[in-house]
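Single-structure report; data block below.
The values are calculated or read from the model by the stated rules, or taken from the named source; none is laboratory data. Not measured: the values here are computed from a predicted model. Heads up, the Cβs are rebuilt from the backbone with ideal geometry, glycines too, and the neighbour counts pull from every protein chain shown. Note: accessible area is taken over every heavy atom of the protein model, side chains too, but ligands, DNA and RNA are not part of it. Shrake-Rupley method; radii C 1.70, N 1.55, O 1.52, S 1.80 Å.
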Amino acid sequence: MSNNNQHKQGYKHTPLGWIPEEWEIKEFVEITSKVLDGTHFSPKSKNGNYKYITSKNIRNEGLDLTDVDCIEEKEHREIYKRCPVLFGDILLTKDGAGTGTCCMNTLQEEFSLLSSVAVLRGKDEVCENRYLFQYIKSPRGQFTIKDAIAGQAITRITLEKIRGFDIIIPPLPEQHKIATILSTWDEAITKTQQLIAQLQQRNKGLMQQLLNCKKRLKGFEGEWKRLHATEIFKGVSIKNNGTERLLSATQDRGIIPRDMLEARVTMPTGETGSFKLVEIGDFVISLRSFQGGIEYSEYRGLVSPAYTVLKPTKQISTSFFKHYFKSYDFIGHLAVAVIGIRDGKQVSYEDFSILKLPYPSIEEQDAIAKVVDAAVLQVKLQEQRLAALQQQKKG
């Protein structure tokens, strides 16, 4: 007898797998009091007093109102009469790249809803809305939605499909406990995301001030030197190192081995004799001009011959310059130096050489680098905490 057909005490086997005896499988239409479509129309004015929510405003973290249209009261009344949205209703995106994205309505005010969003409301005596919301967001709920749109040329899901979804329903007291536990994780995730955003904003200001001498650390004074880039770095081109591993430039991790990239990378099929050697502590001018175009390497290996390898000729804090090359000040100066700079345009050594770079004392470089490194580490630790919370909730 296969494991799938073996009896589990206290459980029963269903088309959705093994579930407790007292749990049930029901269709959406049986557990919801409302499954509504928003309304499709073109507002005459976007300067009214009533919000007009569309799929762009639906996020798994909640309603995003940073970019929301507003319509006149007369238009709102017509829409709201056909599709009233109540506090606590579930809003589900029905088409486009975000199909399946959902959030709970936390607004106390009335608003109108576009047809790309559905309204779901559970029957109080059968299904708690918070449980239904968590179920839709769960891997099983998202699989159900993806399965319903599989094979379609356009990513879209209809109300008819939604009403026919099968959903696992525990007794109401257990729904409440499940929803409460998962909502606690949601709250912790949201707070951590907000903290990360705050820290990132703080770090931008901190880097802008410290890396450009707008704010000095205690114990340092006097003007900074500004030297041409060629007085601090030289371009090097060491080749014929075919036994070294291949490296790639990334925006967030600098120069890393190609086998560490998550995306599939086409490896060279021929000789790598023309590739350039990069050593630990070198900088590389890559093609990512919109990000400043210069990445730091903590690895030894080979990079594409299209890249320029930079080696320091003066004593520097590599961490100071690693942060400076990502600063608004540097990217702004680079944009001025490179005519017609745009995403994908290669920054040449000639472009780089005409720039003047800050060169404070090595002691001040090190001190600034330590402060900025600590600030960056705070963000990374919170990102790790966020990933752990998300994994715990998923489990």
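Odds and ends about this structure:
- Interchain or long-range residues, amide H under 5 Å from LYS234's placed H: LYS311, THR313
- Separation of the CYS213 and THR14 label points, Cα + 7 Å toward Cβ, nm: 7.0 nm
- The helix-only estimate of mean residue ellipticity at 222 nm for the chain, built from DSSP H runs of length n ≥ 4 each weighted as -39500 (n - 2.57), is -11000 deg cm²/dmol after division by the residue total.
- Under 14 Å from LYS146, Cα to Cα: aspartates and glutamates that are on another chain or at least 8 residues apart: ASP95, ASP166
- Straight-line cross-link partners of LYS12 among the lysines, defined as a Cα under 17 Å from its Cα and at least 8 positions apart when in the same chain: LYS26.
- When the Cα positions of GLN175, GLN208, PHE330 are compared along the charge dipole of the chain, PHE330 comes out farthest toward the positive end, with charges on each C-beta of Lys, Arg, Asp and Glu.
- The distance from the alpha carbon centre of the stretch 10-69 to that of the stretch 72-133 is 6 Å, rounded to a whole number.
- Rounded to the nearest 0.05, the FRET efficiency derived from the C-beta distance between LYS123 and ILE181 at R0 = 22 Å is 0.50.
- Cα-based reach from LYS276 at 24 Å (exclusive), listing lysines while leaving out same-chain residues under 8 positions away: LYS234, LYS239, LYS311, LYS314, LYS322, LYS326, LYS345
- Considering only GLY100, LEU247, ILE154, the residue lying farthest towards the positive end of the dipole of the chain is LEU247, judged by Cα position with unit charges set on Cβ.
- Derived scalar couplings ³J(HN,Hα) [the stretch 240-252; Karplus, 6.51 cos²θ - 1.76 cosθ + 1.60; whole Hz; x for Gly, Pro]: 6, 10, x, 8, 6, 6, 8, 10, 9, 8, 10, 6, 9
- Dipole size of the stretch 76-124 about its Cα centre, with +1 on Lys/Arg Cβ and -1 on Asp/Glu Cβ: approximately 160 debye, rounded to the nearest 20.
- Accessible area in the full protein assembly, largest first, 1.4 Å probe, for ASP282, ASP351: ASP351, ASP282
- Answer label for Rg and Dmax of the Cα atoms in Å (calculated), chosen among [x] 28.0, 82; [y] 21.5, 68; [z] 22.9, 72: [x]
- Between GLU21 and LEU65, the FRET efficiency estimated from the beta carbon spacing at R0 = 51 angstrom works out to 0.70.
- In this structure the amide hydrogen of LYS34, modeled in the peptide plane, comes within under 5 Å of the amide hydrogens of ARG121, none closer than 5 places in sequence on its chain.
- Simple label model, 7 Å out from Cα along Cβ direction - LYS74 to GLU271, nm: 7.8 nm
- Charged-residue dipole, Cβ positions (Lys, Arg, Asp, Glu), the stretch 24-137 about Cα centre, Debye nearest 20: 200 debye
- Per-residue SASA entry for ARG226, accessible area with 1.4 Å probe, Å² rounded to 10: 100 Å²
- Potential extension, GLN315-GLN152 segment - 0.36 nm per residue separation minus Cα distance: 52.7 nm
- When only the Cβ of Lys, Arg, Asp and Glu is charged (+1, +1, -1, -1), the dipole of the chain relative to its Cα centre reaches about 720 debye.
- Across LYS51/LYS161; LYS218/LYS370; LYS51/LYS393, pairs whose alpha-carbon gap is larger than 22 Å: LYS51/LYS161; LYS51/LYS393
- Put simply, the amide H of HIS228, placed in the peptide plane, has neighbours under 5 Å in LEU357, leaving out anything fewer than 5 places away on its chain.
- Centre separation in Å (Cα based) which lies between the stretch 144-215 and the stretch 378-392: 14 Å
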